[in-house]
Amino acid sequence: MDAEAAKLLGAGLAAIGVGMAALGVGNVFGSFLESALRNPAAADGQQGRLFIGFAAAELLGLLAFVVAMILLFVA
Amino acid sequence: MAAESGKIDPMHQFLVEPLAGRHWEIAGQSVAFTNSALWMAVSFAAIWLFMMGGMKRALVPGRWQMAVEGFTGFITSMMDANIGPAGRKYVPYVFSLFMFILFANLLGMLPVALVGAHPFAVTSHLTITGVLALASFAMVLAIGFAKHGFHFFSLFVPHGVKGPMAAAIFPIELISFLMRPFSLGLRLFVAITAGHILMEVLAGFVINGINSEMWLGPVVSLLSFTLMIGITLLELLVAAIQAYVFALLTSLYLNDAINLH
């Protein structure tokens with residue numbers, strides 16, 4: 001396979017990771033809402049933890065994006 | 001330019017170019033006044049104007065003072081919740097960090113290209129966000145060692161872990177601790193970069209659609225433009241969330257240094 005084609009394929013495959021992070025972020029907010037609606041009084045106190053979970057899940061998707069960018073523009 | 005060639009070039013917007021002092025040098029390194037420096041200066045000017053307009057100490061606050069107090073109160077309550085009373089000392093640092101990132105993110109989103117200026121998102125460069133992250137990390141190290149001395153290393157052994165398990169956990173916790181500045185800087189940089197690339201690509205679709213000869217072109221343009229309005233709103237949300245997450249994680253890391261566990 002041509003090296004240039006392999007780079008583009010790799011960048012495309014890295015995009016799968018971004019989609020997976022979408023599942024993770026959706027899960028964080030979905031689970032939060034699910035339990036927040038059961039006990040709305042306790043929900044506001046957990047907002048900090050919500051965003052920590054969001055940041056952790058999001059970071060992994062952003063790393064996949066970095067891999068794609070490195071393949072496209074650096075490697 | 002995307003408009004003339006018809007090919008979308010999403011990376012061009014991140015180019016750092018000297019505006020003045022192209023030949024200024026210190027020890028062989030260029031110290032020209034770049035567009036990045038200009039937009040940082042604009043961010044500082046905007047923060048300064050915003051704060052000066054609201055720091056009036058009126059007994060019955062006006063709208064502007066309420067806006068400023070909303071921001072300071074937000075950061076103060078976040079620090080109180082995460083660190084406790086000992087965190088009051090570090091509110092000014094985290095507040096400055098939050099305001100600078102928020103203003104830099106939002107100013108990078110401004111459509112000033114309409115009047116001929118070139119917008120530039122300062123936080124879309126790892127050099128800027130990395131230095132901010134290293135500043136936070138250096139503060140955590142300095143406070144941790146100043147307050148607890150070598151007892152600070154107990155941070156890497158969770159409560160109730162003993163013997164061989166502690167020996168195994170220590171390097172893992174140490175590596176995860178050392179990765180913090182990278183994840184902190186990288187998150188902000190990539191989130192802003194990705195958002196701006198996405199908007200540039202969509203804007204390229206709109207322009208190329210209008211310029212194309214096919215009847216389908218304007219339809220694509222209209223659909224892309226509708227999507228772009230939504231994406232722009234999402235990017236405004238991301239700009240605020242990333243500033244909040246940076247401040248939140250900094251406060252959590254400071255909590256580790258101040259209270260250990």
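Every number here is computed from the coordinates shown, using simple stated rules; none is lab data. Being a predicted model, the structure only gives us computed values, none of them experimental. All Cβ positions, glycine included, derive from the backbone under ideal geometry; neighbour counts span all protein chains shown.
Once the Cα atoms are used to define both axes, helix A:3-38 deviates from the longest principal axis of chain A by about 0 degrees.
Orientation-averaged projection of the protein assembly as shown equals 25.3 nm² [convex hull of Cα atoms, one quarter of hull surface area]. By the rule of a C-alpha distance below 16 Å, with chain neighbours fewer than 8 residues away ignored, the aspartates and glutamates paired with B:K162 are B:E173.
Once you reduce segment B:203-240 and segment A:40-55 to the center of their Cα atoms, the two points are 34 Å from each other.
In this Cβ point-charge picture (+1 for Lys and Arg, -1 for Asp and Glu), the protein assembly as shown has a dipole of about 1080 debye about its Cα centre. For segment B:48-113, what class follows from the C-alpha gyration tensor (a ≥ b ≥ c being the square roots of its eigenvalues): rounded when a/c is under 1.5, otherwise prolate if a/b is larger than b/c, else oblate? The shape class here is oblate. The charge dipole of segment B:2-259, taken about its Cα centre with unit charges on the Cβ atoms of Lys, Arg (+1), Asp and Glu (-1) only, comes to about 880 debye. Within a straight-line Cα-Cα reach of under 13 Å, B:K147 can be paired with the following aspartates and glutamates, leaving aside sequence neighbours fewer than 8 residues apart in one chain: B:D256. Reported value for segment A:3-74: 55 Å³ per residue, from the convex hull of its C-alpha atoms. Evaluated over the Cα positions of segment B:2-259, the convex hull gives a direction-averaged projected area, one quarter of its surface, of 20.4 nm². Highest mean first, the peptides B:10-19, B:243-252, B:33-42, B:204-213 sorted by other C-beta atoms within 10 Å per residue fall in the order B:243-252, B:33-42, B:204-213, B:10-19. Check the straight Cα-Cα distances from B:K7 and name the lysines below 26 Å, setting aside those fewer than 8 residues away within the same chain. The reachable lysines, counting only those whose Cα sits under 26 Å from B:K7, are A:K7.
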